[in-house]
Amino acid sequence: MLKTLLWGVALALTALAAHAQQSLGTEVAGLREDVRGLIQKVGELSLRIEELERANAALKAQAASGSAQAYATVQQLNAAVVDLNQAIKAGDAANAASAAAQIKKLGDATNAALESLAKGQAQRAAASTTFSENFPSEGISYTVQKGDTLSIIARKTGAKLSDIVNANKIADPTKVRVGDTLFIPGGK
């Protein structure tokens, strides 16, 4: 019975060792893969460092060769801004003078046109407006409303347009204003 027991323990230890060896093998395989990935990353970083070193060397060579200056100082920038502002002001003065000349020219042309119109008005005979007294003497009062014209008022009240013009002595029918009170001869 002891022999059987020992035999069972030996089998258990063998199984345990095999399992441990298998787990250890899996972990070792995982570690090998991790190391392989790290080696690849280190290689990529080495290449990038080489690229940067080449670019840095090229920049140093360019700076050492005295090629065209690729930078400006703050003092140079400030001087350029001052020059630019002076150029803008000079341009504005020239533009302002040109605009003033054009405005004067337009003003002179406008004044000449107004004088011509005034002369034409002075030479034209005043329009004589005569009103007839031939309209009905009876009628109604009407207060002009917004949107009313003499034609609309005549239609609303049933009066003749000429009678309204003559009774109220309206020289310009377009000058009737809202709120005016008119006598409407024969109106209803």
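Given the options Thr174, Thr130, name the one that is outside any loop (DSSP other than H, G, I, E, B) and hydroxyl-bearing (Ser, Thr, Tyr).
Only one candidate qualifies: Thr174.
Rundown of residues vs (1) part of a helix (DSSP H, G or I); (2) in the same structural domain as Leu161 (by TED's automatic domain parsing); (3) modelled with pLDDT under 75; (4) over 27 Å from Pro173 (Cβ atoms), yes/no style:
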site: Val82; (1), (2), (3), (4): yes, no, no, yes
site: Ala93; (1), (2), (3), (4): yes, no, yes, yes
site: Lys105; (1), (2), (3), (4): yes, no, yes, yes
site: Ala109; (1), (2), (3), (4): yes, no, yes, yes
site: Glu115; (1), (2), (3), (4): yes, no, no, yes
site: Gln121; (1), (2), (3), (4): yes, no, yes, no
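The values are calculated or read from the model by the stated rules, or taken from the named source; none is laboratory data. Quick caveat, the model's predicted, so the values are computed rather than measured. Every residue, glycine as well, gets a Cβ built from its backbone with ideal geometry; the counts of neighbours run over all protein chains shown.
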